[in-house]
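Data first, discussion second: the structure below is written as structure tokens.
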Amino acid sequence: MPKIKLAENTIQLIKDTCAEFGNKESELINVLHQVQHKLGYLPAEVQEVIAKELKTSVAKVYGVVTFYSFFTMIPHGENPISICMGTACYVRGAEQVLAEFKRQLKVEVGESTSDGKFSINCLRCVGACGLAPVVTVGEKVYGRVAPSEVKKIIAEYREGCAGDDAKSA
Amino acid sequence: MDTINLTIDNKSIVVKNGTTILEAASGIGVHVPTLCHMKLHDLNIENKPGGCRVCVVEVEGRRNLAPACCTEVAEGMVVNTHSIRAINARRTVMELILSDHPADCLICAKSGNCELQDMAHQLGIREIHYQGEQSHYREDTSPAIIREVDKCIMCRRCEMMCNEVQTVGVLSAINRGFNSVVSPAFEMNLDHSVCTYCGQCVAVCPTGALTEVDETGNVIRALSDPSKTVIVQTAPAVRAALGEEFGMEAGTLVTGKLVASLKQLGFDYVFDTDFAADLTIMEEGTELLNRLSKHLSGDKDVKLPILTSCCPAWVKFFEHQFPEMKDIPSTARSPQQMFGSIAKTYFADKLGINREDLVVVSIMPCVAKKYECGREEFKTNDNPDVDYALTTRELAALIKISNIDFRTLPNETFDNPLGESTGAAVIFGTTGGVIEAAVRTAYEIHTKKELPRIDFAELRGMEGIRKATIDFDGFPLKIGIAHGLGNARKLLEDIQAGKSEFHAIEIMSCPGGCIGGGGQPYHHGNAEVLKKRQMAIYQEDKNKVIRKSHENPYIIELYEEFLGEPMSEKAHHLLHTEYFDRTE
């Protein structure tokens, strides 16, 4: 397990979050939500601090983190790419779009590129089925995406032009 | 309403409100099969996640089948435990579990002792109609425990033991759906975790998913090496349980047959860990009196209570979880390690051989002892004081491999000098025993008077935390006892908070003490087995002519010939140890 050292203020932030929930073990899921919201992800070291504050075992915390797909132990990329795998998107070729993103970026689902620029995730339905298949990058939505367009979308963020509004997410 | 009327399998019964269908049924001789459920009565230990669904029964008027283990009875309920629907559902559940279970029963360490195998047999499963994906997870080997997760059926007994009873918190269910497994955090190996190797997860695992590291091969090799002198020591709790492996009633004392079997196996000397338990009392009892008298004379540097240190899982527990208190437990080594240390110095000298040519094997009710004998501080020039620690179960396997008919063996006696022991040493095998043994000796050394009685009923029992005050000729010695690490944690937190009233505390990691150790024959959730073993231990104490450690003639001789006196420099070097902060 790679060890990272948490900054003092990060540790304090986690402790404060736990305290907001009364350091109660029963509030574990809420604490994890808040901490992930603030830090972007839940690495092992963060889970250790949470376990200590809530007086529970780190194995239990890890159990919850790995149970819910919402929680992640890997930091999102600067530009988080989500490919909708809902039924409508799926039947209109989302799988091929996903495959193309993986091929272009050389990462798997749930991973980030080594330069930290991109990460790929799947989600279930963004409520824009008329635009299927749908891809979001940050908060920007791309509709009716064909595998041949994937390269162009990535390029927008590589060059840093069109990305600016999207990155505000 | 205090009582409930209901019908189970056409029999009308009246049971207490709050009773489960399972309990109600067993009261009238209807044994609904269970797999994940486990209850140790009187020890406050219960696992009923209602997860496996093997215990489903039909309840009239209910749409779905009900899990008997976690459904409470209700007035007028009509239960059918063997309707065709219930039987079919039960079989389907079993077949689905088996469809994702390696079919290597013939060569599995748990074969013959496996609750899953028994259940498949009991339900008459002859075919598995489902073929689906099989889980494949790496095997995890530690110094004491092996995890073969592919054999896990997610009953979560181990998780309950590790978290609720022991409060060690290593094991938890992780991931979800088909990918879920019981694992340490971040899927690290056990030997990187805070696991104490208490082995209670092994003790309750219904399948071969959790087992001990098997050292029988190494022992067979040592026994067949003519250049080695191989000696063996047996822990007190082994003699009260080994018979169960050969079909004898729980609580049958088999001390004489145990010795005979070890001689037949070819050990050059058959000794007793009980000898070293007497030695432990000499050292630990003296340390207690020293600390007590310094404390009472106002020495602020001397801390009380003193805690026992015989149990390697307990030692590892406080090294991980309470490292700031590592100067509170006695520095006395455990009896296993005291024996090894004396064997490889005093006894090797007597034989005129090098320590490298003496192989010390121990038979322990424990899996943590395997880890303990590998600790670096118990080695000299990389040669361990104790070479191999076998569990009671492994010894039974060794006896079977060696074609010995255990039941018909004659009674034989331990060899000397390291085989003589007292009743005080025998009771080390049960919760309350170590501190009672210490009281018997410390009282007489402190007061220089003979004890008016030898049995201390107030120190005995199965309550998780017990306390008693013993009159040391005017001085009230306050004693605490905890078994199960969760109970130990409570006493430690009191000490931390400055609320502890005790002078001395005995701690054993396993529920019941060593009689309930992780290396003992499987109790399969029957707490009566532990109680019978405990009774056997006290019976063995009563059978002994000498019942106080300081009266053991070979202990007296050992001090005269070799050690000098308790807590002497030599004793310190050979019989005491230090503890480490393992938080990083």
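Here, each number is a calculation from the coordinates, and none is a lab measurement. All figures in this text were calculated on a predicted structure; none of them were measured in a lab. Here the Cβ is made from the backbone with ideal geometry for all residues, glycine too, and neighbour counts use every protein chain on show.
Applying 1/(1 + (r/R0)^6) with R0 = 56 Å to the Cβ-Cβ distance of B:N10 and B:K499 gives a FRET efficiency near 0.50.
Centre-to-centre, using Cα atoms only, the stretch B:400-453 and the stretch B:186-243 are separated by 22 Å.
Out of every Cα pair in the stretch A:26-108, what percent are spaced more than 21 Å from each other?
Values: 1492 of 3403 pairs.
Of all Cα-Cα distances in the stretch A:26-108, 44 percent exceed 21 Å.
When each full DSSP H helix of chain B is screened for a Cα extent of at least 20 Å along its own axis and an average Kyte-Doolittle hydropathy of at least -1.0, the helices passing are B:84-99, B:273-296, B:433-447. Charges were assigned to the Cβ only: +1 to each Lys and Arg, -1 to each Asp and Glu. The resulting dipole of the protein assembly as shown about its Cα centre is roughly 1940 debye. Here the simple spin-label model places points 7 Å from the Cα toward Cβ, and for B:L296 and B:D471 these points are separated by 1.5 nm. The eigenvalues of the Cα gyration tensor, multiplied by 5 and square-rooted, give the stretch B:1-139 an equivalent ellipsoid with semi-axes of 30, 17, 13 Å from largest to smallest.
Quick check on the exposure proxy: order B:C108, B:C510, A:C89 from fewest to most C-beta atoms within 10 angstrom. Show your work: numbers first, answer last.
Working: B:C108 19, B:C510 31, A:C89 28.
In increasing order of surrounding Cβ atoms, one gets B:C108, A:C89, B:C510.
In units of 2.2 N^0.38 Å, what is the alpha-carbon radius of gyration of the protein assembly as shown? Don't jump to the answer; show the numbers that get you there.
Details: Rg = 30.0 Å, N = 753, 2.2 N^0.38 = 27.3 Å.
Normalised Cα radius of gyration, the protein assembly as shown: 1.10.
Between B:I28 and B:L123, full extension at 0.36 nm per residue minus the direct alpha carbon distance yields a gain of 32.2 nm. Two numbers describe the Cα atoms of chain B: Rg and Dmax, which are 24.9, 80 Å. Across the stretch B:140-212 the C-alpha pair distances fall into 5 Å bins from zero in the proportions 3, 18, 32, 31, 13, 2, 0 percent. The C-alpha radius of gyration of the stretch A:79-167, expressed as a fraction of 2.2 N^0.38 Å, stands at 0.98. Would you mind checking the pairs A:K38/B:K316; A:K60/B:K151; A:K24/B:K490; A:K55/B:K16; B:K303/B:K542 and listing those with alpha carbons more than 26 angstrom apart? Correct reply: A:K38/B:K316; A:K55/B:K16; B:K303/B:K542. Its Cα gyration tensor gives chain A an equivalent ellipsoid, and the semi-axes of that ellipsoid, as √(5λ) in whole Å with the largest first, are 33, 17, 14. Spin-label model, B:C70 to A:S114: label points 7 Å out along the Cα-to-beta-carbon direction sit 4.7 nm apart. Label 7 Å along Cα→Cβ of B:E164; the stretch B:37-81 residues with amide nitrogen under 11 Å? Answer for this model: B:37-40, B:44-50. The ranking of B:H503, B:H446, B:H483 from fewest to most other beta carbons within 10 Å of each one's beta carbon is B:H446, B:H503, B:H483. Between the C-alpha center of the stretch B:326-381 and that of the stretch B:466-488 there is a gap of 29 Å. Taking the number of Cβ atoms within 10 Å of each Cβ as an exposure proxy, the fewest-first ranking of B:L171, B:L296 is B:L296, B:L171.
Along its first, second and third principal axes, ordered by size, the stretch A:8-67 spans 26, 22, 17 Å in Cα coordinates.
Please compute the Kirkwood hydrodynamic radius of the stretch B:189-319 from all pairs of different C-alpha atoms, in Å with one decimal. Don't skip to the end; give the middle numbers.
Working: mean 1/r = 0.0537 Å⁻¹.
Evaluated over the stretch B:189-319, this radius sits at 18.6 Å.
Calculated FRET efficiency, A:Y90 to B:D455, Cβ-Cβ distance, R0 = 60 Å: about 0.20 to the nearest 0.05.
Can I get the semi-axes of the stretch B:435-556's equivalent ellipsoid? Compute them from the C-alpha gyration tensor as square roots of 5 times the eigenvalues, in angstrom, largest first. Could the numbers behind the result be given before it?
Details: eigenvalues 129, 99, 26 Å².
Its equivalent ellipsoid spans semi-axes of 25, 22, 11 Å.
On the basis of the beta-carbon distance and an R0 of 22 Å, B:N179 and A:I29 show a calculated FRET efficiency of 0.65. Taking each DSSP H run with n ≥ 4 as -39500 (n - 2.57) and averaging over every residue of the protein assembly as shown yields -10000 deg cm²/dmol at 222 nm. Remark: spin-label model distance B:T413-A:I11 equals 6.2 nm, labels positioned 7 Å along the Cα→Cβ axis.
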